[in-house]
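Notes follow the structure.
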2 protein chains.
Amino acid sequence: MMQSWLSISPTSPFSIANIPFGIVSTCEDATPRPAVAIGDFALDLSAFAAGGGFSQLPSIQEHLSVFSRTTLNDFAALGRPVHKEARSYLQKVLQEDTPYPSILKSNVSLRESALVRLESVQSHLPLQIGDYTDFYAGLNHAYNVGVLFRGPDNALQPNYKHLPVGYHGRASSVIVSGTPVRRPRGQVLQTHVAGSTGPIFGPTKKLDIELELAAFVCTGNTLGDPISIDKAEEHIFGLVLMNDWSARDIQAWEYVPLGPFNSKNFATTISPWVVLLDALEPFRAENLWPGETGAQESLLPYLQQQRLDSVYDIDLEVEFRTAGLDEPTVITRTSARNLLYSFPQMLAHHSVTGCNMNTGDLLGSGTISGDAPGKLGSFLEQTKNGKEPVKLPNGVERFFLQDGDEIVIRGVAGEKGGHVGFGDCRGVILPAHGK
Amino acid sequence: MMQSWLSISPTSPFSIANIPFGIVSTCEDATPRPAVAIGDFALDLSAFAAGGGFSQLPSIQEHLSVFSRTTLNDFAALGRPVHKEARSYLQKVLQEDTPYPSILKSNVSLRESALVRLESVQSHLPLQIGDYTDFYAGLNHAYNVGVLFRGPDNALQPNYKHLPVGYHGRASSVIVSGTPVRRPRGQVLQTHVAGSTGPIFGPTKKLDIELELAAFVCTGNTLGDPISIDKAEEHIFGLVLMNDWSARDIQAWEYVPLGPFNSKNFATTISPWVVLLDALEPFRAENLWPGETGAQESLLPYLQQQRLDSVYDIDLEVEFRTAGLDEPTVITRTSARNLLYSFPQMLAHHSVTGCNMNTGDLLGSGTISGDAPGKLGSFLEQTKNGKEPVKLPNGVERFFLQDGDEIVIRGVAGEKGGHVGFGDCRGVILPAHGK
Ligand SMILES: [Ca+2]
Ligand SMILES: [Ca+2]
Ligand SMILES: [Mg+2]
Ligand SMILES: [Mg+2]
Ligand code: NI
C-alpha cells in the first residue's frame with residue numbers, strides 16, 4: 001500500500017490512493033479554485049501550479065490555466081488520459097519515496113502556500129452543471145417502491161429491465177454538501193380530511209432523502225451522434241455522493257402524467273470531491289443484473305457491455321443527527337453494487353437518441369437500497385410510506401424528516417490506510433418559510 | 001400606427017411596434033452578437049453601440065458592454081425596466097419623425113455598418129439556457145391526448161385544473177430555428193408483432209411536433225425564496241415560438257413512471273428572436289380558465305392572478321413542406337390564448353418550493369391546440385395517434401413526419417403594418433443514423 005510523507009490517518013477517506021478533485025476557497029482568498037484532498041489537507045492546485053508544482057509533468061504545461069478556474073469544467077474537458085496523468089503525478093509528488101522531493105516534500109514555502117487544512121476550506125460545487133439527469137437504476141429501491149404503490153405482482157414496470165429509466169432533473173438547485181435545505185411548500189392532496197376535495201397548500205409533511213451516487217461527464221458528444229456503450233466510460237470524469245431530497249406528498253399529487261417536478265426541484269446535495277474513475281478502478285464489481293444467466297444478452301445491443309464489472313464496490317451509509325439524539329446514528333448501510341445499470345449504460349441510453357452531453361453534466365444513479373431492513377436508501381422504504389416509524393435511541397422516532405434534522409451520507413471503498421472515499425454529503429433541514 | 005424611415009413591408013413580423021432581440025453573426029464577422037430585427041434588417045447592436053448609437057440614452061451607458069456579448073444573458077439580467085427603455089429608445093431612433101436623426105437615419109456610415117439584411121445573417125440561440133422546463137398548459141391538447149389514451153371520462157388527470165403540470169426538459173438540445181433534426185433511434189414496444197415480447201431498437205416511426213410558446217427568464221430568485229405570482233411577470237424577458245419534437249413510440253414505452261425522457265431529449269427548436277413582453281402588452285388576453293365563474297377562486301392563492309388577461313392573442317400556424325408538395329401547406333391555425341395557465345402562473349408554481357430560476361432559463365407552455373380539427377398542435381392529435389392520416393394536396397398523406405419533411409411554425413400578433421411576430425421556427429428531418 002502506497003504511503004505518503006504527509007501524516008494521513010488510516011481512516012481518512014482521502015488516502016494517497018484516492019486524490020479526488022474539488023473546488024475550494026479560504027478566508028484569506030475567497031476566489032474558488034481547484035484542489036485535491038489528501039488526508040486532512042486540501043492541496044490548492046492554483047497555488048501549486050503557480051509555485052512550479054507541475055514542473056515535472058511536461059504534458060500538462062500547456063493546460064496549466066485550468067487550475068486557476070473557478071470550476072473543474074476546463075480540467076474535466078481535457079479528457080481522461082490527462083486526468084489520469086495528473087492524478088498519478090500528484091501521487092508521485094505526495095508519496096513517501098517521491099522521485100520529486102524538491103517539488104513539495106522539502107519545499108517549505110510551497111507547502112505553506114498550497115497545503116490548507118480541510119477544516120479551514122470552504123467547498124463549492126466542483127463543476128458548473130449544464131444538465132442534470134436522475135436515473136432509477138437502484139433495483140431494490142424500484143422494487144420496494146413498486147410494492148408500496150402497486151403490490152408485489154406489479155412492482156417493476158414492464159420497461160424496467162429493458163432500459164435505465166430516468167428523467168431530467170433541475171440543475172440550478174444542485175448544491176454542495178453543507179448547504180442547508182429549506183423545507184419546501186407545495187400542493188398536496190389531503191385525502192384523509194373529511195369533506196376535502198381539492199389540494200391544500202403548505203410545507204411538505206413527507207420530506208425524504210434518496211441515497212445516490214452521481215457521475216460527472218467530462219467530455220460530451222455532438223448533437224445527433226450517440227455515445228456507444230464501449231466508449232461511454234471515457235466520457236465520465238468521476239463520481240460523487242448525492243442526496244436527492246424528495247417531498248413525497250407533493251410528488252404523489254403532481255407526478256401524473258409527466259413525472260416528478262416540484263417534489264424534487266428544491267434541492268439536490270452532492271459531496272464536494274469528485275473521485276476519479278481511475279481511483280475506483282480497483283473496486284470494480286458486477287452489478288445486480290449480469291450474474292443472472294442470459295441477463296446481459298436479454299438487453300438490446302446498444303446496452304450490452306464488454307465488461308460486466310462496471311459498477312463499484314463502495315460501502316455507503318446514511319447518518320442521522322437531531323437535537324434529541326446524544327450522538328449521530330447510522331440508519332442505513334448498503335453498497336453501491338445495488339444497481340441494475342452502470343453509469344456507462346445510463347450514458348449510452350441517454351445519448352442513443354443523439355442527445356448531446358456536455359462537460360459538467362451530472363447523472364444520478366437513482367436511490368440505492370440493499371435487499372433488507374437497515375439497508376434502505378429512503379424513509380419512504382424504511383417507514384413503508386409513513387406507516388412504521390424508524391426507531392432511534394432516546395425514544396426518538398421518524399416517519400420523515402423534521403426541521404433541524406441533519407443527514408450525512410458517506411461512501412468509501414478499499415481497506416483502512418488505502419481508503420478511496422468521498423467525504424461527507426451533508427444537509428440540515430430549515431423550517432419552511434411563512435410558518 | 002408608428003412608421004419607420006426604413007421601408008418595412010406591412011406583412012413583416014418585425015414592424016417598428018416589435019423590436020425583438022436576438023443573436024446573429026455574418027460571413028464578414030463570425031462572432032455572435034446582439035441585434036434587433038426591424039423589417040428586412042437586423043440592427044447589429046454591437047456595431048450600433050460602438051458607433052455611438054446609444055449616445056442619447058444615458059441610463060444604458062454603464063451597461064454598453066452587454067451588446068458585445070455572444071448571448072443576451074447579460075442584457076436580460078439588467079431587468080425589465082432596462083429592456084423597456086432600450087426598446088423604446090430604438091423605436092425612437094427608427095421612427096419616421098425620429099428626435100435623433102443623426103444617430104442612424106442620416107448617419108450613412110453607421111447604417112452601413114449596423115444594418116444587415118436578415119437573409120445574410122446567421123441566427124444563434126438568443127440566450128444560453130440554464131434549465132429548460134416544459135409545461136402542459138394547453139388545455140385542449142391535454143384533453144385530446146387524454147381522450148386518446150384514457151377516454152373522454154378521464155381525459156384530464158385530477159391535478160390538471162389545480163396546478164400547471166410540468167417536467168424538467170433537456171437544455172443542451174434546445175436548438176435555434178433552421179438547425180436540422182436527426183430522426184432519433186430508441187426502444188419501442190412492438191405490440192403488433194406476433195410472438196414479440198420485448199422492445200425493439202430502431203428509428204422512431206412516430207416522429208411528431210408540438211406547437212408551443214416559450215418564455216425566457218430575465219432575472220431569477222435565490223434558492224429557497226419563491227417568486228410570487230404578482231412579481232412573476234417582472235422575471236420574464238420575452239417569448240419565442242417552440243417546436244418540442246417528440247418521438248411518440250419511444251415515449252409510450254419509456255414514460256412510466258418518471259415521465260418523458262429520450263422521446264424528447266434529441267431536439268427542441270426555438271425561433272431566433274425574443275419578443276419582449278412589453279411588445280406583447282397590447283395583445284393581452286384572458287386565458288381559457290378565468291372566464292369560467294369561480295375558476296380563478298378555485299385555484300390556491302399562490303396561483304391567483306391580479307390580472308386575468310395574462311396570456312396573449314397571438315395567431316399561430318404550422319406549415320408543412322415536403323418534396324411531394326408543390327408548395328408549403330398550413331396544417332394548423334390556432335391562437336396562443338388556448339392556455340389554461342399563464343407564464344406568470346407557471347413561474348410562481350415552479351418556484352413555490354424555493355426552486356431557483358436563473359437568467360436564461362426557458363419555460364415551454366405545452367402544446368397549444370384549438371378546440372377543433374385544423375387547429376391541433378401535434379400529429380398525435382391530428383391523426384388520432386396514427387389512425388387517420390392528415391390529407392394534403394397531391395395525394396400526400398402523413399400519420400407522422402417522414403425524412404425530408406420540414407415544419408415551420410409562425411406566430412404573429414397585431415394588424416398589418418404593426419405586426420408583432422416571431423419569425424420562423426423551422427426544422428427539417430434528417431434520416432436516422434445507421435439505416
Ligand atoms: Ca432520485
Ligand atoms: Ca411539450
Ligand atoms: Mg433533487
Ligand atoms: Mg423537446
Ligand atoms: Ni443601471
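Observations, loosely collected:
- At R0 = 60 Å, FRET efficiency that the Cβ-Cβ distance of A:A30 and B:S102 yields, to 0.05: 0.80
- Radius 15 Å from Cβ of B:L78, net charge of other residues (Lys, Arg +1; Asp, Glu -1): -1
- Net charge in the neighbourhood of A:R87 (other residues with Cβ under 14 Å of its Cβ; Lys, Arg +1, Asp, Glu -1) is 0.
- Long-range amide H partners of A:I175 with built H, under 5 Å: A:T268, A:T269, A:I270
- Given +1 at the Cβ of Lys and Arg, -1 at the Cβ of Asp and Glu and no other charges, the dipole of the range A:132-430 around its Cα centre is 900 debye to the nearest 20.
- Residues whose amide H comes within less than 5 Å of that of A:V311, counting only those at least five positions distant or on another chain, are A:A285, A:N287 (H built at 1.01 Å from N in the peptide plane).
- Charge sum, other residues only, whose C-beta stays under 15 Å from B:T322's C-beta, Lys/Arg counted +1 and Asp/Glu -1: -2
- Note on A:H124/B:K384: beta-carbon distance plugged into 1/(1 + (r/R0)^6) with R0 of 56 Å gives a FRET efficiency of 0.60.
- Applying the Karplus relation 6.51 cos²θ - 1.76 cosθ + 1.60 with θ = phi - 60° to the range B:335-341 yields 3J(HN,Hα) values of 10, 6, 6, 6, 10, 7, 10 Hz, where x marks Gly and Pro.
- Label point 7 Å beyond Cα along the C-beta direction, distances from B:M1 to other copies (nm, shortest first): 8.2
- A:P152 label point (Cα plus 7 Å toward Cβ) to equivalent points in the other copies: 4.3 nm, shortest first.
- Value of [θ]222 nm, deg cm²/dmol, for chain B, DSSP H segments ≥ 4, -39500 (n - 2.57) each, nearest 500: -4500 deg cm²/dmol
- Computed over the protein assembly as shown, Kirkwood Rh from alpha-carbon pairs, angstrom: 28.6
- Dipole of the range B:132-430 [Lys/Arg +1, Asp/Glu -1 at C-beta], most positive-end residue of B:F266, B:A137, B:T334: B:F266
- Highest-MSF residue in chain A out of A:T31, A:T322, A:T332 [GNM, Cα springs under 10 Å]: A:T31
- Taken one residue at a time, the phi angles of the range A:302-308 give Karplus couplings (6.51, -1.76, 1.60, θ = phi - 60°) of 5, 10, 7, 9, 5, 9, 7 Hz. Gly and Pro are set to x.
- Alpha-carbon centroid distance for the pair the range B:232-271 / the range B:360-379, whole angstrom: 11
- Alpha-carbon centroids, the range A:81-107 and the range B:8-85: separation in whole Å: 51
- For a label point 7 Å along the Cα-to-beta-carbon line of B:K205, residues of the range A:144-168 with backbone N under 20 Å: A:159
- Ascending distances from the B:E297 label point to its copies in the other chains, with the point 7 Å along the Cα-to-beta-carbon line: 6.8 nm.
- Estimated from the Cβ-Cβ distance and a Förster radius of 56 angstrom, the FRET efficiency linking A:S88 and B:W5 is about 0.25.
- Cα gyration tensor category, rounded, prolate or oblate, for the range A:217-281 with a/c compared to 1.5: oblate
- Just checking the listed ones, A:V274, A:V256, A:V66: in the Gaussian network model of chain A with Cα springs under 10 Å, the one fluctuating most is A:V256.
- Taken about its Cα centre, the protein assembly as shown carries a charge dipole of about 620 debye when Lys and Arg each add +1 at the Cβ and Asp and Glu each add -1 at the Cβ.
- In the range B:185-288, the trypsin sites (Lys or Arg not before Pro) that fall in loop regions by DSSP, at most 14 other Cβ within 10 Å: B:K231
- Relative contact order of the range B:21-124, pairs being alpha-carbon contacts under 8 Å that are 6 or more residues apart, as %: 38
- Cross-link table B:K205/B:K387; B:K84/B:K231; A:K206/A:K384; B:K264/B:K387; B:K206/B:K264, entries beyond 19 Å C-alpha to C-alpha: B:K264/B:K387
- Annotation: the antiparallel percentage among DSSP beta bridges lying fully within the range B:132-430 is about 85.
- Mean separation of Cα contacts under 8 Å, 6 or more apart, over the residue count of chain A: relative contact order %: 22
- Among the GluC sites (Glu not before Pro) in the range B:284-385, those located in a DSSP loop and surrounded by at most 10 other Cβ atoms within 10 Å of their own Cβ are B:E292.
- Residue-by-residue Karplus 3J(HN,Hα) for the range A:99-107, coefficients 6.51, -1.76, 1.60, Hz, glycine and proline x: x, 10, x, 6, 5, 9, 3, 10, 9
- Loop-resident sites, the range B:305-358, for trypsin sites (Lys or Arg not before Pro), counting at most 12 other Cβ within 10 Å (DSSP): B:R307
- Taking the DSSP bridge list for the protein assembly as shown and keeping only pairs wholly inside it, about 90 percent are antiparallel.
- Cα-centre dipole for the range B:31-160 with unit charges at Cβ (Lys and Arg positive, Asp and Glu negative), debye to 20: 120
- Axis proximity, chain A to B: residue whose C-beta lies nearest, plus whole-Å distance: A:G259, 1
- Leading residue at positive end of dipole, the protein assembly as shown (Cβ point charges), from A:I209, A:S106, B:S173: A:I209
- Distance in nm between pseudo-label sites at B:E415 and A:S113 (7 Å out along the Cβ direction from Cα): 7.2
- Backbone amide hydrogens, once placed in the peptide plane, bring A:G39 within less than 5 Å of A:F14, A:S15, excluding anything fewer than 5 places away on its chain.
- Shielding value for A:119-132 is 2, the average number of Cβ atoms from other chains within 10 Å of each residue's Cβ.
No value in this document is a laboratory result; all are computed from the given coordinates. Computed from a predicted model, the values in this text were never measured in an experiment. Every residue, glycine among them, receives a Cβ derived from its backbone with ideal geometry; neighbour counts consider all protein chains shown.
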